[in-house]
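Beneath this line is the structure, given in structure tokens, with notes to follow.
The values are calculated or read from the model by the stated rules, or taken from the named source; none is laboratory data. These numbers were taken from a predicted model, which means no experiment stands behind them. Virtual Cβ from ideal backbone geometry, glycine too; neighbours counted across all protein chains shown. Accessible surface is based on the protein model in full, side chains and every heavy atom, while ligands, DNA and RNA are left aside. Shrake-Rupley method; radii C 1.70, N 1.55, O 1.52, S 1.80 Å.
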Amino acid sequence: MAHAGYNYSPITKSAEALITRFGEEFTFTRTTDGAYNPATGAKAQTTATYKKYACVFDYSDADRSAETVLQGDRRMLAEGYTYEINDTVVIGTDTFKVIRVNEIRPNGSDVVAANLQVRK
């Protein structure tokens, strides 16, 4: 449980340092729909990239038995940021889509780190 007035800055800095030291930098891509164009019948899309450090893990057989984790899904422990469902990230030569974001936010505001579930 979060304590009112506790300063989480040192914990956030420690988490970032560990993820940077033991993880690697990944490029994430976010595509956002723009306004609908009646002349083309399509929405314009804007694509932006951002780089964040993360550690990548395989899920265990026990995790996969929960039915929300499929074979081939990966777990990323990533530095604090506002990740979104449907962002994509390349791991090795494969592109994965973020399908679940669990932010580690002990004081209710600052994101210390994030657990991401990604899927091909």
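What is the residue count in region 61-70 for residues that are part of a loop (DSSP other than H, G, I, E, B), open to solvent by less than 70 Å² (accessible area, probe 1.4 Å) and either more than 19 Å from residue 114 (Cα to Cα) or touching a Ser or Thr at 6+ places or on another chain (Cβ under 8 Å) (or both)?
Pass one, region 61-70, residues part of a loop (DSSP other than H, G, I, E, B): 65-70.
Those still in the list that are open to solvent by less than 70 Å² (accessible area, probe 1.4 Å) too: 66, 68-69.
Those still in the list that are either more than 19 Å from residue 114 (Cα to Cα) or touching a Ser or Thr at 6+ places or on another chain (Cβ under 8 Å) (or both) too: 66.
So the answer is 1.
Can you confirm whether residue 90 is modelled with pLDDT of 95 or more and either assigned to a loop (DSSP other than H, G, I, E, B) or surrounded by 15 or more Cβ atoms within 10 Å (Cβ to Cβ) (or both)?
On the way: modelled with pLDDT of 95 or more: yes; either assigned to a loop (DSSP other than H, G, I, E, B) or surrounded by 15 or more Cβ atoms within 10 Å (Cβ to Cβ) (or both): no.
Answer is no for this residue.
Being assigned to a strand (DSSP E or B), open to solvent by less than 40 Å² (accessible area, probe 1.4 Å) and aliphatic (A, V, I, L, M) narrows it down to one of 98, 111, so name that one.
Working: 111 fails: assigned to a strand (DSSP E or B).
Going through 98, 111 in turn, the sole match is 98.
Only one of these conditions is not met by residue 52: (1) within 10 Å of the chain's Cα centre (by Cα); (2) assigned to a strand (DSSP E or B); (3) of a type outside the set (Ser, Thr, Tyr); (4) farther than 28 Å from residue 8 by Cα. Which number is it?
(4)
State yes or no: is residue 46 assigned to a strand (DSSP E or B), closer than 19 Å to residue 94 by Cβ and open to solvent by 60 Å² or more (accessible area, probe 1.4 Å)?
no
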